[in-house]
Amino acid sequence: MTPRTLLVLGGLALGAATIAGGLALRRPAPATAPLAAGQLMFPGVVDRLQQAAKVEITGKDGTLTLARTGDSWGLADRGNYPVQQQRVREMFSGLTELRLTEPRTADRAQLRALNLDDPGPDSTALKLVVRDGQGAVIADAIVGRRRVRMAGNLPEAIYVRRPAETQAWLAEGNLRLDAEWNLWIDRDLFDIKRARVASAELRQGESVIEFARASPTAERLDVANPPEGWRGEETKVDDIARALEWLTLEDVVPAASVTGATELGTASWTLFDGTRITARVVEKDSARWTSFEATWSPPEAPPPAGPDQRTPEAAKAEAEAAARRLAGWYYKLPDWKLTVFLATLDTMRADPPSAPASPGSTN
């Protein structure tokens, strides 16, 4: 990629919200001209991509739309939830460098073999359309399968065609597309190891369960002040401290879409470094959603030593970044994680020990 392309695309995907008013940036896309081997599939597209406002990727399950808002790109049908900006930059880079090397079949009946038939329920082809703020097309293509490299010195290549034409082309370049929304975002919410958790609390209505460690170096959390005669199942109690390990989302919606939901409960974890994570679980239309709040305050004592611990300074920065990232969203979590967030003394209770067999009994 040329330095100019890097500059333009870097500004486009990562923060060039205001476009300088040059006439070159306002000119329309050139009229469709015949394609030829050796030429770029989208000549002169670098400047025009600065005006990109919407990307549509159509596959067998429908159309995924990415929309630009200010400095960033997001999922249009999920309240513009942020996508990985690096992926947008790589996609635009692929468009600018896609170079046709040789024509292949022009027979519509043969396009399926290259995954270049029209996208639909029975097709694995993808259609890419990039539009400006007025809806005008900046670039569009049907994108098929990649060419398998049989030798290390062969460049990346992919089969493509124009949507209105049947002529297939082999093109050098790397154009990575996905029509599944969850492949465009960072699905990881937290990975807070249990050793960082100093205490926790589960609250459902008037019921409050508190968890604490016997000492900062104790291996696990225990229920604080359990009812007389209550005995917890060790793994279920330990799941409370592990609840934020490798926590990923299954879906996401703006907070405004769950107004009027039924409150199911809250769960909170206080870390040794002063961070506090609070999860609020609600239900609406038979679906359960969870919001998160991250705050930080100076810890009362230095965190214990250990590879998973954070200094208070690092923890503060981490909590502030998490607060910005999580604010305004509700997440669908795996059911087994919600079982932990909404645990009760009954669900964590250990099974009573089996009664010993009476003398002379047989199995």
- How do the pairs read when you match residues in the range 83-112 that are within 27 Å of LEU64 (Cα to Cα) with residues anywhere that are of a type in the set (Ser, Thr, Tyr), using Cβ under 6 Å and keeping only pairs 6 or more apart or on different chains? THR96/THR5; ARG108/THR166
- Which members of the range 126-142 meet the condition of being crowded, with 19+ Cβ neighbours inside 10 Å, within 23 Å of the chain's Cα centre (by Cα) and not charged (D, E, K, R)? LEU126, LEU128, VAL130
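Just to be sure before I move on: is ALA179 surrounded by 17 or more Cβ atoms within 10 Å (Cβ to Cβ) and part of a loop (DSSP other than H, G, I, E, B) in the structure I sent?
Values: surrounded by 17 or more Cβ atoms within 10 Å (Cβ to Cβ): yes; part of a loop (DSSP other than H, G, I, E, B): yes.
Judged against the criteria, ALA179 is a match.
Could you say which residue among GLY205, GLY260, GLY229 is more than 26 Å from ASP186 (Cα to Cα) and under 27 Å from the mean Cα position of the chain (by Cα)? Give the steps one after another, and end with the answer.
Numbers: GLY205 fails: under 27 Å from the mean Cα position of the chain (by Cα); GLY229 fails: under 27 Å from the mean Cα position of the chain (by Cα).
None of the other options fit; the residue is GLY260.
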- Task: Check off (1) under 26 Å from PRO298 (Cα atoms); (2) under 21 Å from the mean Cα position of the chain (by Cα); (3) of a type in the set (A, V, I, L, M, F, W, C) for PHE272 and give me the number that stays unchecked.
- Result: (2)
- Item | Filter result for the condition that a residue is more than 19 Å from ARG187 (Cα to Cα) and within 27 Å of the chain's Cα centre (by Cα), over LYS332, LYS284 | LYS284
- Which of the residues spanning the range 46-73 are farther than 23 Å from SER123 by Cβ, surrounded by fewer than 20 Cβ atoms within 10 Å (Cβ to Cβ) and not polar (S, T, N, Q)? ASP47, ALA53, ALA67, GLY70, ASP71
- Message: Here's a check for you: in the range 219-253, which residue that is assigned to a strand (DSSP E or B) and not hydrophobic (A, V, I, L, M, F, W, C) is farthest from THR344 (Cα to Cα)?
- Response: ASP251
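Can ALA343 be described as assigned to a loop (DSSP other than H, G, I, E, B) and either out of contact with any Ser or Thr (no Cβ under 8 Å at 6 or more places or on another chain) or without any contact (Cβ under 8 Å) to a residue 24 or more places away in the chain (or both)? Step through it out loud before you land on a result.
On the way: assigned to a loop (DSSP other than H, G, I, E, B): yes; either out of contact with any Ser or Thr (no Cβ under 8 Å at 6 or more places or on another chain) or without any contact (Cβ under 8 Å) to a residue 24 or more places away in the chain (or both): yes.
Answer is yes for this residue.
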- Task: Considering only residues that are acidic (Asp, Glu) and within 16 Å of ASP191 (Cα to Cα), look in the range 287-312 and name the one that is surrounded by the most Cβ atoms within 10 Å (Cβ to Cβ).
- Result: GLU293
- Residue within the range 273-281 that is acidic (Asp, Glu), crowded, with 19+ Cβ neighbours inside 10 Å and in a loop (DSSP other than H, G, I, E, B) present: yes
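Name the residues in the range 31-61 that are in a strand (DSSP E or B) and farther than 26 Å from ILE185 by Cα, would you? It would help to see each step written out before you state the result.
Pass one, the range 31-61, residues in a strand (DSSP E or B): 40, 52-59.
The one that is in a strand (DSSP E or B) and farther than 26 Å from ILE185 by Cα: LEU40.
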- Note on the structure: In the range 62-92, anything at pLDDT below 95 and either part of a helix (DSSP H, G or I) or charged (D, E, K, R) (or both) is listed as ASP71
- Item | Selected residue [of a type in the set (Gly, Ala, Ser), crowded, with 16+ Cβ neighbours inside 10 Å and at negative phi] from ALA323, ALA315 | ALA315
- Query: Could you say whether any residue in the range 295-311 is in contact with a strand residue (DSSP E or B) (Cβ under 6 Å, 6 or more places away or on another chain) and either among the acidic types (Asp, Glu) or at pLDDT 95 or above (or both)?
  - Reply: yes
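Residue-by-condition table, conditions (1) among the polar types (S, T, N, Q); (2) closer than 21 Å to ILE209 by Cα; (3) outside the structural domain of ASP239 (by TED's automatic domain parsing):
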{"position": "ASP251", "(1), (2), (3)": "no, no, no"}
{"position": "LYS284", "(1), (2), (3)": "no, no, no"}
{"position": "SER291", "(1), (2), (3)": "yes, yes, no"}
{"position": "SER297", "(1), (2), (3)": "yes, no, no"}
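The values are calculated or read from the model by the stated rules, or taken from the named source; none is laboratory data. This one's a predicted model, so the numbers in the text were calculated from it and none came from an experiment. Every residue, glycine among them, receives a Cβ derived from its backbone with ideal geometry; neighbour counts consider all protein chains shown.
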